[in-house]
Each structure stands twice: as structure tokens, then as C-alpha cells.
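Novice: Please read through the structure below; I'll follow up with questions.
The values are calculated or read from the model by the stated rules, or taken from the named source; none is laboratory data. Keep in mind that what you see is a predicted model, and the values were worked out from it rather than measured. As a convention, Cβ positions derive from the backbone with ideal geometry for all residues, glycine included, and neighbour counts pool all protein chains shown. Surface areas here come from the heavy atoms of the whole protein model, side chains and all, with no ligands, DNA or RNA. Shrake-Rupley method; radii C 1.70, N 1.55, O 1.52, S 1.80 Å.
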Amino acid sequence: MPKLEVLTNDQMSRADRAAVASGIASQTLMENAGRAVAEQAMAMVKPGSRVSVLCGPGNNGGDGFVAARLLKRASYDVRLHLIGEKSTLKGDAADAARRWDGPVRAMDPDALQSMHLVIDALFGAGLSRPPDGVAALMIEAMNTSGLPVLAVDVPSGLDGTTGQAQGAVVHATRTITFFRKKPAHLLLPGRALCGEVVLSDIGIPPSLLAGDLGVATFENAPALWTATLPHPRLDAHKYARGHALVVSGPAFHSGAARLGARGALRAGAGLVTVASPPSALPENAAHLTAIMIAPCESAAALFRLLEDKRKNAILIGPGAGIGPETAEWTAAALRSGAAVVLDADALTSFAETKRDKEDSVGFGFTSALTSATSRPASLFDIIREIPTRPVVLTPHEGEFARLFPDSIGSKLERARAAARHAGAIVILKGADTVIASPDGRAAINANAPPWLATAGSGDVLAGFVTGLLAQGMPAFDAACAAVWMHGDAAHRFGRGLIAEDLPEVLPQVLAQFT
């Protein structure tokens, strides 16, 4: 079974304690962890190679002592360096140090020059302050040595829960971690600092995850959502697969909506209609074939279109324009009862602006963008009017900051708090996209290649989400599936990708789920 649960530092510590309480010796867990480290080292360099093992004063260092002992036994030339004195080690780390039968050297940055591999066992994921002194010097030496670095648990200096580093941090070639990944293995910059991440089973029972750990974060992968992925029935017709409506922008700004519409159709929606302002009708008609067009000149007209309840999912925002008109159209969509995906301009039209803040301190500016109907709270109030209707917000970092200006914490924490505050699924986009639900669930996506950063790719992603919602897929699952498929399609196409390519590659992605 895929190991998709992602644990914070605290949750991992509690899992360790629960495993010991269940009767598993803590020394056994450390021995298993050290053995896994040694096995990875053996996979990176051949026997006889010179390996420098850098041990810290805690359990991470204890794992290093075990690995050093096993590597020496396997005919590697091992040099072990320790921060502090061996006599000050405690608990399992002290026991592991007693079983090491070689010299314990002081930390020396120059000693790395003749090595073939460095094992970073200085600090674990829960380091509470930036490394300093000799530890910082050793981190700098590792990063400038040009040697492959194998990090134990996380690269030293990296916070396992946030994926952030406050000071010196190791740039690892490979990181081996245990039982389950931590947010730092998936969130940036942590994911880049970890290099290749290897997950090792050290004997902690998976059944502990069903206890009181409160696990609600997952790595986004098909096993998370394939159970609810729509599969057309043999006797199904197009209306049984849902009817997605995509709101177009005005003339010369309609391309983004067409990208979203194509994405919705390829994702499996039985029908897709573009609701087009009169000015954009000619260009939409010139480009669309399988996708239908409906003239739509106002928010009231949009609401009338949605009175046909077969139109059960709507995307609004790509190319829509920023302002009170888009805010009105968005409100009409939300009040229709259909599933709604809000992207781009639909979000920014409700964003708190600089003028909002000036108004609040009495400068007296007035404009459509600073009216009460154009602020985040009003959007969230409208979302909550029909709590049973799925709503998905798809901001990038800039849009997110404008919609949630007081948000703080890691990307995971910010997305989760925003989903709870908005009462909607939030897809906080980026190379480490986070999908969060108001009920506290969250998934971190890690399959997006760098060439996905191209104009229009977010519009296609919003279309994928809309197409899956039209088919009745639960909103959190649909958001996770769309984000993963978006990344997988980009991988399959490769470099040179443009947004128009993504819907055309999606059938290859979907084929693996038939």
C-alpha cells in the first residue's frame, strides 16, 4: 500500500513513543534506521570507499553511529566525527556510540576533502534553532565539498514540519527518512534541499496511524482519490456525465476560458458550454467545435443559464476581467447551486486592495473595487449561503496573498487555514501545490515539472477540476486528482510544453485508470 500519510515533527515523535509503548524496543528502531542509512550509503558508493559520518548529539547522531558500524563491517573506510563528547550522549544514542568500535573524531571541515561520501547525521527534523558554531561550519563544508551527501531524516538545518530553513542548511544528494514522510520532504524549498527522498520502514506499525496522531495531511497520489474517480458506464449518455459551463472574458480576452473549457471536456464532462459576452462571440465561435457557446451579457443572464440544473458545474475567472462586474457574475454562479471553480480574476475581484485599507483609515477613496461587495469576507459569506454546494478556489501565491492578506505560516498551514476560513477547497498553486479542505484534510503535490510554469496552464487546471466536478466527483478528491493529472500530463509531454498541449495529453493520463 502507498504510504501517503505525511507527519509533522510532533506526530512522528508521538508515533515513535507509541511504537515503544506497544512493546517495540527503541534501540531496535534506531538499529533499523541506522541499517537503512548504511544500505543507502552502500547503494551510493562501492565497498572500500571513504565515508565520513557526521554525528550530532541526539538520536539523529545515534542513527549515524549505527550506520558507521555497519559500513565498517562491510569494508568501507569510515571516519566518524561527533559534535561534542561521546561521554555526553544519552539514551539510545549513547548505546549506539558504545557499539561503535572505531575512533570518534572532532568535527573538522578539512577532513571532508579526501572522502567519497558524507552522511549528514547532525540534526533531525525537529531542530528548533539555526545551526551555529562548528555545526554551521560543517554544513558549509558539506555544501562546498562537491561530494554526494546522504542526509538522515532531513538535511541538517531544515525544519521537518515547515520545509523552511532559518540559517545554514545542508543541500543533500539523497535523504532517507523513516515510517512516513514529513512536510519538508514535499514543500519547497525543503524538497529541493532533500534531493532524492527514500522512505524506509523501520518497524513502526502502520496501525498506529489510526490512533490519536490526528493525521490529516497526505502526499497527493492516485491512491488518494482513484476510488471516487468517475468511470463512464456502458449505458451512460452525455448528460449523465455532467454539463460544465465556463464563463468567457470579453473580446480579446477569451482565450483563457477556452483553455479551461477544453480542459473540462477532456477531463470527462459530457457537455461543455462557454457563456460568452456578445463582444467575444465571434472569436469563441471561430475556435470552438465540440464545445458549445451560449450568449451571456450579464450576471442575471448567467443565473438564468444556470436555472437549467443539468449545467451542474461552472468555472469563472480566467480572462474575466477584474472588477465589480466579475464579482456580480461570481455571486450569481455561487447562488445557482452548481459546483463552482473560482480562478484568477474571479478571486482578485474580491481581493482586499490597497485602497480598501486606505478607506478603512478614513482617506475617503471610493471605487467599485473598494465597495463592500468586493472584499474577501463578502465572497466567503456568499460561499456559505449554500454549504452543500462544492466550491474550489485556485489561487497562485499572488492571488492568495490578496484574498487572504493576514495569512501566516508554512504553505501547508496557510492553505489549510484559508480553506477553513473560506468554507471552500483551496488549491494553492505552485511547484509544491497544496490542496486543502475546510474539514482539515490537505494534500501536497510533488509531481509538477518546471516546464508547467507557462501561460495558461492554470486555466487548464481549473478546467480539469470543473470537468471532474461535473461528473460528481467529491470536491477535495476532484481537486487532488486534477492537480496530479495536470503534473503527469506535463511530464508525459516534456519540455516545450504550452498550455494547449495539456488537454491533448490528458487521455494518456486517464488511460492508466481504466
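Novice: Would you be able to say whether some residue in the range 79-89 is under 19 Å from Ala135 (Cβ atoms), among the acidic types (Asp, Glu) and open to solvent by 60 Å² or more (accessible area, probe 1.4 Å)?
Specialist: Among the residues of the range 79-89, at least one is under 19 Å from Ala135 (Cβ atoms), among the acidic types (Asp, Glu) and open to solvent by 60 Å² or more (accessible area, probe 1.4 Å), which makes the answer yes.
Novice: Follow-up question, since we're still on this one. Name the helices (runs of 4 or more DSSP H) wholly within the range 267-344 that hold at least 1 residues that are in contact with a strand residue (DSSP E or B) (Cβ under 6 Å, 6 or more places away or on another chain), under 21 Å from Ala479 (Cβ atoms) and without any contact (Cβ under 8 Å) to a residue 60 or more places away in the chain?
Specialist: Ranges flagged: 324-334.
Novice: Additional query: Any chance the range 310-320 includes a residue that's more than 29 Å from the chain's Cα centre (by Cα) and open to solvent by less than 40 Å² (accessible area, probe 1.4 Å)?
Specialist: Yes, the range 310-320 has at least one match.
Novice: Same structure, new question: Restricting to the range 6-31, what's the tally of residues that are closer than 19 Å to Lys182 by Cα, outside any loop (DSSP other than H, G, I, E, B) and out of contact with any strand residue (DSSP E or B) (no Cβ under 6 Å at 6 or more places or on another chain)?
Specialist: Within the range 6-31, residues that are closer than 19 Å to Lys182 by Cα, outside any loop (DSSP other than H, G, I, E, B) and out of contact with any strand residue (DSSP E or B) (no Cβ under 6 Å at 6 or more places or on another chain) number 13.
Novice: Which condition number does Phe400 fail, the rest of (1) touching a helix residue (DSSP H, G or I) at 6+ places or on another chain (Cβ under 6 Å); (2) hydrophobic (A, V, I, L, M, F, W, C); (3) buried (at least 23 other Cβ atoms within 10 Å of the Cβ) being met?
Specialist: (1)
Novice: With the checklist (1) in contact with a strand residue (DSSP E or B) (Cβ under 7 Å, 6 or more places away or on another chain); (2) free of Cβ contacts under 8 Å to residues at least 40 places away in the same chain in hand, flag the one item Pro450 doesn't pass.
Specialist: Against the list (1) in contact with a strand residue (DSSP E or B) (Cβ under 7 Å, 6 or more places away or on another chain); (2) free of Cβ contacts under 8 Å to residues at least 40 places away in the same chain, Pro450 comes up short only on (1).
Novice: Follow-up. State yes or no: is Val197 assigned to a loop (DSSP other than H, G, I, E, B) and free of Cβ contacts under 8 Å to residues at least 40 places away in the same chain?
Specialist: Considered against the rule, which asks whether it is assigned to a loop (DSSP other than H, G, I, E, B) and free of Cβ contacts under 8 Å to residues at least 40 places away in the same chain, Val197 comes out as no.
Novice: When you check Val465 against the structure, is it within 27 Å of Gly190 (Cβ to Cβ), of a type in the set (Val, Ile, Thr) and either at pLDDT 95 or above or not in a loop (DSSP other than H, G, I, E, B) (or both), yes or no?
Specialist: yes
Novice: Give all pairs with beta carbons closer than 7 Å in which a residue from the range 404-416 that is within 16 Å of Gly190 (Cβ to Cβ) meets a residue that is acidic (Asp, Glu); count only pairs at least 6 apart in sequence or on separate chains.
Specialist: Listed pairs, sorted by first residue: Lys411/Asp432.
Novice: Please specify each residue of the range 202-238 satisfying the condition of being in contact with a Leu (Cβ under 9 Å, 6 or more places away or on another chain), open to solvent by less than 80 Å² (accessible area, probe 1.4 Å) and either at positive phi or in a helix (DSSP H, G or I) (or both).
Specialist: Hits for the range 202-238 are Gly203, Leu209, Pro222, Ala223, Leu224.
Novice: Step by step: first the residues of the range 488-504, then only those that are among the hydrophobic types (A, V, I, L, M, F, W, C), open to solvent by less than 10 Å² (accessible area, probe 1.4 Å) and not in a loop (DSSP other than H, G, I, E, B), then the one that is nearest to Ala453 (Cα to Cα). Which residue is that?
Specialist: Ala490
Novice: Inspect the range 430-450 for any residue being assigned to a helix (DSSP H, G or I), over 28 Å from Leu213 (Cβ atoms) and of a type outside the set (Asp, Glu) and give the result as yes or no.
Specialist: Checked against the condition, which is being assigned to a helix (DSSP H, G or I), over 28 Å from Leu213 (Cβ atoms) and of a type outside the set (Asp, Glu), the range 430-450 yields at least one hit.
Novice: While we're looking at this one, here's another question. For the range 472-487, how many residues meet the condition of being surrounded by fewer than 24 Cβ atoms within 10 Å (Cβ to Cβ) and not in a helix (DSSP H, G or I)?
Specialist: 2
Matching residues to (1) open to solvent by less than 60 Å² (accessible area, probe 1.4 Å); (2) in a loop (DSSP other than H, G, I, E, B); (3) out of contact with any Pro (no Cβ under 6 Å at 6 or more places or on another chain):
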position	(1), (2), (3)
Arg69	yes, no, yes
Asp92	yes, no, yes
Trp100	yes, yes, yes
Asp110	no, no, yes
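Novice: Which one is farthest from the chain's Cα centre (by Cα), of the residues in the range 253-309 that are of a type in the set (S, T, N, Q) and open to solvent by 10 Å² or more (accessible area, probe 1.4 Å)?
Specialist: The residue in question is Ser279.
Novice: Further question: For the range 158-171, how many residues are among the small types (Gly, Ala, Ser) and open to solvent by 10 Å² or more (accessible area, probe 1.4 Å)?
Specialist: Residues that pass the stated criteria total 3.
Novice: Something else about it: Residue check: is Thr175 polar (S, T, N, Q), over 20 Å from Ala431 (Cβ atoms) and either modelled with pLDDT of 95 or more or crowded, with 22+ Cβ neighbours inside 10 Å (or both)?
Specialist: Here the answer is no, as Thr175 does not meet what is asked.
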